[in-house]
Amino acid sequence: SSSKILVRGGIVVNADYQQNADVYIEDGIIKLVAPNIKVSDDVKIIDATGKFVMPGGIDPHTHLEMPFMGTESADNFFTGQAAALAGGTTMHIDFALPIDGDLAAGYDSYVKKAEISCMDYGFHMAITTWNENVAKDMETLVKEKGINSFKFFLAYKGSLMVTDEEFLQGLKKCKELGALAQVHAENGDAVAEGQTRIFELGITGPEGHPLSRPSVLEGEATGRAIKLAHFVNTPLYVVHVMSIDALDEIARARAQGIRVVGEPVTSGLALNDSVLWDSDFQTAAKYVMSPPIRPAGHNKALQAALANGILQLVGTDHCTFTSEQKAVGKHDFRKIPNGVNGIEERMHIIWDLMVNSGKISVKDYVRITSTACAQIFNIYPQKGAILAGSDADIIILNPSRSTTISSKTHHSTIDTNIYEGWSMKGNIEVTISQGKVVWANGQLFVERGAGRYIPLSPFGPLFDGLDKLDAARIHSYNPRHRTVV
Ligand code: DUC
Ligand code: ZN
Ligand code: ZN
Ligand code: ZN
């Protein structure tokens with residue numbers, strides 16, 4: 001398609017401002033946002049009258065082609081990203097995993113996997129152990145490789161989990177490097193205990209999954225992680241906030257002025273755990289993810305927290321497995337590969353849950369699906385805005401056209417969809433990525449290898465006096481957060 005595009009007559013929405021305007025794009029960049037832009041004949045015109053023109057979605061939380069639980073997540077950097085583009089997401093940040101604790105090797109393996117990309121992407125890096133090499137590699141990744149966030153798993157005992165001691169060392173290093181620490185917050189020791197207990201009670205089906213790792217364990221780990229990060233005095237990003245228990249910890253910490261960001265995911269906002277009790281194994285198993293989808297009520301509380309700003313942005317934890325892969329856990333829920341789809345559905349489902357329901361404005365929709373992510377990971381306004389100079393990653397949403405989600409029409413490589421049959425008002429008709437129309441009239445126009453790695457810059461340098469100040473500071477949390485110097 002043409003390298004010059006005019007999106008004409010739409011309602012252009014940024015997180016802070018909405019206007020009726022045209023958007024002129026050239027060579028992948030937004031050149032002008034203004035009413036009644038005049039252009040020459042060689043410009044492709046897209047009529048957006050009556051439609052919302054918004055920054056493309058940014059998914060802060062995906063796992064493409066990830067080695068996990070004895071298998072590998074099914075969507076790779078091409079199929080997962082094609083699905084994303086068909087659903088209005090134009091960038092994602094994937095979690096690169098180390099290989100046997102080796103960060104550099106893990107990073108290199110993800111650079112290779114991502115060669116087939118058709119959309120822009122960045123990486124977070126997971127930390128699964130602690131030693132001097134890890135510290136050294138973190139420094140290289142931040143200073144030379146475009147990584148500005150590191151995730152710590154407090155669950156998955158025996159594989160990905162770190163101890164509190166390892167987590168503390170990692171937090172200190174994040175602070176020193178000006179990188180953002182992220183946490184998967186479930187108490188891994190208690191989860192392992194719970195899994196044995198439930199299985200030995202004879203509960204072997206998918207319903208054993210939520211029963212074995214209840215929300216109290218998510219609340220405990222979330223509170224602990226926040227307190228350890230605060231003790232180190234570095235900000236924390238809690239991934240996939242699934243429960244009221246975790247939400248309460250985040251809300252309290254934020255009320256105390258502690259720097260913590262909370263990310264709910266589409267599945268946790270949209271669904272409740274009744275689906276895990278379906279008597280058909282495959283129907284239930286497709287919903288198995290960790291932390292688990294919670295009993296009804298948690299999702300409503302998460303929606304409210306997203307509306308009122310206690311939670312800041314929406315991810316997906318897109319980590320797909322086919323029915324065949326899920327079937328490995330047919331007689332033991334502990335073996336069902338954890339993960340659900342979402343990269344293609346997030347923009348539509350969040351529109352339905354949050355905008356159609358009247359919970360938030362369209363500007364807030366842009367904020368929680370795109371702008372906040374760009375700001376938190378330091379790529380705003382290259383991404384997350386429709387401004388002159390920003391990347392031309394744009395969606396056109398028709399609020400009066402309907403969408404129905406199904407595995408029969410989705411673009412992910414898997415054979416199931418956790419939102420099967422979800423019907424709603426609102427349809428993303430056009431996706432523009434890197435200034436090119438990649439999704440229109442229900443068709444994808446994507447190219448393997450066209451995706452670009454977007455390096456993410458650190459937040460440093462650290463304020464000189466901070467470390468000394470911290471060393472001299474005694475924190476007291478009783479009865480409220482107080483700092484005694
Ligand atoms: N949870 C999942 O469900 N899948 C990938 C990793 C995770 O923490
Ligand atoms: Zn996780
Ligand atoms: Zn995840
Ligand atoms: Zn303090």
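Nothing in this text is a laboratory measurement; each read-out follows from the coordinates by a stated rule. Keep in mind it's a predicted model, so treat the numbers as computed, not measured. Note that each Cβ is placed from the backbone with ideal geometry, even for glycine, and that neighbours are counted across all protein chains shown.
The relative contact order of the stretch 41-122 comes to 32 percent, based on Cα pairs under 8 Å that sit 6 or more residues apart.
Using the alpha-carbon positions of the stretch 293-360, Rg (one decimal) and Dmax (whole number) come out as 15.1, 43 Å. Taking Lys and Arg as +1 and Asp and Glu as -1, the other residues whose beta-carbon sits under 11 Å from that of I258 total +3.
Within the same chain, lysines fewer than 8 places from K173 are excluded, and of the rest, those with a Cα less than 29 Å from its Cα are K112, K113, K136, K143, K145, K151, K157, K227, K383, K468. Placing a label point 7 Å from the Cα of R334 along the Cα-to-Cβ direction, the residues of the stretch 54-82 whose backbone N falls under 16 Å from that point are 69-70.
As a calculated quantity, the FRET efficiency between K300 and K136 at R0 = 56 Å, using C-beta atoms, amounts to about 0.80. Using a Debye calculation, one point per C-alpha and no hydration shell, please list log10 I(q)/I(0) for the stretch 159-225 at q = 0.25 Å⁻¹ in order. Once normalised to I(0) and log-transformed, intensities are -1.06. Evaluating 6.51 cos²θ - 1.76 cosθ + 1.60 at θ = phi - 60° for every residue in the stretch 220-225, the Karplus couplings come out as 4, 5, 5, x, 5, 4 Hz, glycine and proline recorded as x.
Other residues with beta-carbon under 14 Å from the beta-carbon of G384 carry, at +1 per Lys or Arg and -1 per Asp or Glu, a net charge of -3.
Determine by what factor the alpha-carbon radius of gyration of the stretch 144-264 differs from 2.2 N^0.38 Å, reporting the quotient. Present the calculation step by step, with values, prior to reporting the outcome.
On the way: Rg = 15.2 Å, N = 121, 2.2 N^0.38 = 13.6 Å.
With N residues counted in the stretch 144-264, Rg over 2.2 N^0.38 Å equals 1.11.
Magnitude of the charge dipole for the stretch 219-306, about its Cα centre and with charges confined to Cβ atoms of Lys, Arg (+1) and Asp, Glu (-1), is about 380 debye.
Could you give the length gained on full extension between D108 and Y17, defined as 0.36 nm per residue of separation minus the Cα-Cα distance, in nm?
28.7 nm
Pairwise alpha-carbon distances in the chain exceed 31 Å for 41% of all pairs. Distance between the C-alpha centres of the stretch 240-302 and the stretch 352-409: 21 Å, rounded to the whole angstrom.
If you scale each eigenvalue of the Cα gyration tensor by 5 and take the root, what three semi-axes come out for the stretch 10-104, rounded to whole angstrom and sorted largest first?
Details: eigenvalues 289, 37, 32 Å².
Sorted largest first and rounded, they come to 38, 14, 13 Å.
Note on K408 and A440: their simple-model spin labels are 2.8 nm apart, each label 7 Å out from Cα toward Cβ. Rounded to the nearest 20 debye, the dipole magnitude of the chain is 1120 debye, with +1 charges on Lys and Arg beta carbons, -1 on Asp and Glu beta carbons, and the Cα centre as origin.
Here the stretch 237-359 is treated as an ellipsoid with the same Cα gyration tensor; its semi-axes, largest first and in whole Å, are 27, 16, 12.
Taken over the stretch 267-424, the alpha-carbon convex hull comes to 129 cubic angstrom per residue. Counting neighbouring Cβ atoms within 10 Å and putting the fewest first, the residues T79, T283 line up as T283, T79. Cα centroid separation, the stretch 141-181 to the stretch 48-70: 24 Å. In the stretch 324-441, taking the dipole from charged Cβ atoms about the Cα centre, the farthest positive-side position among I428, S400, G342 is held by G342. With only the Cα atoms considered, the stretch 186-240 has a convex hull volume of 64 Å³ per residue.
Give, as ranges by residue number, the residues of the stretch 301-328 whose backbone N falls under 20 Å from the point 7 Å along Cα→Cβ of D280. Those under the cut-off are 321-328.
Under 5 Å between amide hydrogens, built in the peptide plane, is the criterion, and for A392 it picks out I29, I30, Q434, G435 among residues at least 5 positions away or on other chains. Under the classification rounded if a/c is under 1.5, otherwise prolate if a/b is larger than b/c and oblate if not, where does the stretch 237-299 fall, given a ≥ b ≥ c as square roots of the Cα gyration tensor eigenvalues? It is prolate, given that a/c is not under 1.5 and a/b is the larger ratio.
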